[in-house]
Amino acid sequence: MKEQLKTGLLFANLDDDQLSRVAQHAARVRLAEGESLFEQGDSADRFYLVIRGQIKLFRLSPAGNEKVIEIVTPGSTFAEALMFLERPRYPVGAQALTDAEVISIDAHDFATMLKGSVETCFLLLGDMSQRLRGLVREIDELSLHSATCRIAAYLVQQAPEGSQSFDLSIAKQVLASRLSVKPETLSRIIKNLSDAGIISVLGSRITIHDWQALQQAADVCALAQDSLQSTFLYPCPPAKPQA
């Protein structure tokens, strides 16, 4: 288990004694596709490292509508920030999108260990900072950018370097929720991109035929983000020098 723990950024720089301590209080959990790891509102006394498969983090509205917050892949941890709360509860549910395996870590013991490891504290702060930036970026995208822009940007990000074809790693219904669009809107935009000759779709296989057009659609997001950042940095035009 110690070697598998090292695949997570949070544990990569722990010394052998620290790794042994984490492993002693950890447990391996195997999940079948569709199986829940925990429910929204459950007591959060553990956090997790994904070893295999994909874990969906999601919230349910009072009406029962699901919003996918994140798809967690191998090597990533989740729910670790909750260890700093006094009586934490999971704000999301976690469910296996595929057959999966995670390592469950005792949050209280890990927080106690952090008191003697400044380096690990900074690693955790760095990870939380990156996630915060990602959430801020997503809020910007959801509020400022069209569905076509978000979908184009996702396809550009997922495409392997030097390859025109790739398989979507998650179901289209889950992807639609992740990008905050309705499944029928996702299907319509994918069809529009296909009809325009920009991409073609065969099952879950995406082939990009016109990189420039797809990138131009995705760049709308980047342009809006640059504009937003400029507004924050320069909320009003600089004063002109007086003659």
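The values are calculated or read from the model by the stated rules, or taken from the named source; none is laboratory data. In this text the structure is predicted, and so the values were computed from the model without any measurement. Cβ placement follows ideal geometry from the backbone for every residue including glycine, while neighbour counts extend to all protein chains displayed.
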Can you find, within segment 1-34, the residue that is farthest from Lys56 (Cα to Cα) among those that are outside any loop (DSSP other than H, G, I, E, B) and in contact with a Lys or Arg (Cβ under 6 Å, 6 or more places away or on another chain)? Leu19
Enumeration of residues in segment 55-75 that are out of contact with any helix residue (DSSP H, G or I) (no Cβ under 9 Å at 6 or more places or on another chain) and crowded, with 18+ Cβ neighbours inside 10 Å: Ile55, Leu57, Val72
Leu124 is checked against (1) under 20 Å from His25 (Cα atoms); (2) assigned to a helix (DSSP H, G or I); (3) free of Cβ contacts under 8 Å to residues at least 40 places away in the same chain and fails just one. What number does that condition carry? (3)
Filter segment 173-218 for residues that are within 18 Å of Ile71 (Cβ to Cβ) and in a strand (DSSP E or B) and give the result. Ile206
At pLDDT 90 or above, part of a helix (DSSP H, G or I), surrounded by 15 or more Cβ atoms within 10 Å (Cβ to Cβ) and assigned by TED's automatic domain parsing to the domain that holds Cys121, is that true of Ala81? no
